[in-house]
Every structure is written in structure tokens, then in C-alpha cells.
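Below is one structure, written out as C-alpha cells; comments come after it.
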Amino acid sequence: MSRPPKIQGAHEATLVQIVESDPAATLEEIGGELFRRTGASAHEQTLVSTLRRKGIERFPSREAVVVETAERGPARFGYTDAHRRSGQVRADA
């Protein structure tokens, strides 16, 4: 016998309404709205499991996620002219 789902009945229906009203909402936003409407709090994985049980599969939106990469300059090794002592020469060099 397994543990009963934390989100059931009316809370499940509310969760589905929240997701249907804003499909692009993050799990954090969905959980916050569920708590605001019902007072029930749940971990993000619980929300995902409940939605899957109801037949709703969420995927990341390509439009919602933008990854920017900076241009790479020349390789730097952490040793610059600022580290060198000017005018001094090692005797053993």
C-alpha cells in the first residue's frame, strides 16, 4: 500500500485550472498560486507528478528560455605583466 497523493480532489482541479490559465508559468509560480488559492503547499516534483497523473505533460518553452553567450577573447592564464617585477633579472635564469 503506497502513500496517498498529497494533492487530491478539489486541489487537483484547482491545479489544472492554474496550469490551463497560464501554460508558460514556472513550477514556482504554479505552486505559489496553488498556495494562494487553496492554502496547500507542495514540492515542485509533487506538482509535476500530479499534473502527469491528470494527463498534463509540461515541456520547457523555447521562447521562454534565452541563453546568451559572451564572446570569448584570447586565452588568459592568470599571469600578466602586472605580476612581473620590472627591471629585475633572476641570477639563476
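The values are calculated or read from the model by the stated rules, or taken from the named source; none is laboratory data. Predicted model only: the values in this text are computed from it and were never measured. Quick note on the areas: whole protein, heavy atoms, side chains included, nothing else; ligands and nucleic acids left out. Shrake-Rupley method; radii C 1.70, N 1.55, O 1.52, S 1.80 Å.
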Original post:
Can you run phi through the Karplus equation (6.51, -1.76, 1.60; θ = phi - 60°) for the range 12-25 and list ³J(HN,Hα) in whole Hz, with x for Gly and Pro?
Top reply: 4, 4, 5, 4, 5, 4, 4, 5, 5, 6, 9, x, 8, 5
Subject >> Share of carbon and sulfur in the accessible heavy-atom surface of the range 1-63 [1.4 Å probe, %] >> reply: 51 percent
Subject >> Segment Glu28-Phe59, extension gain: residue separation times 0.36 nm, minus the distance between their alpha carbons >> reply: 9.7 nm
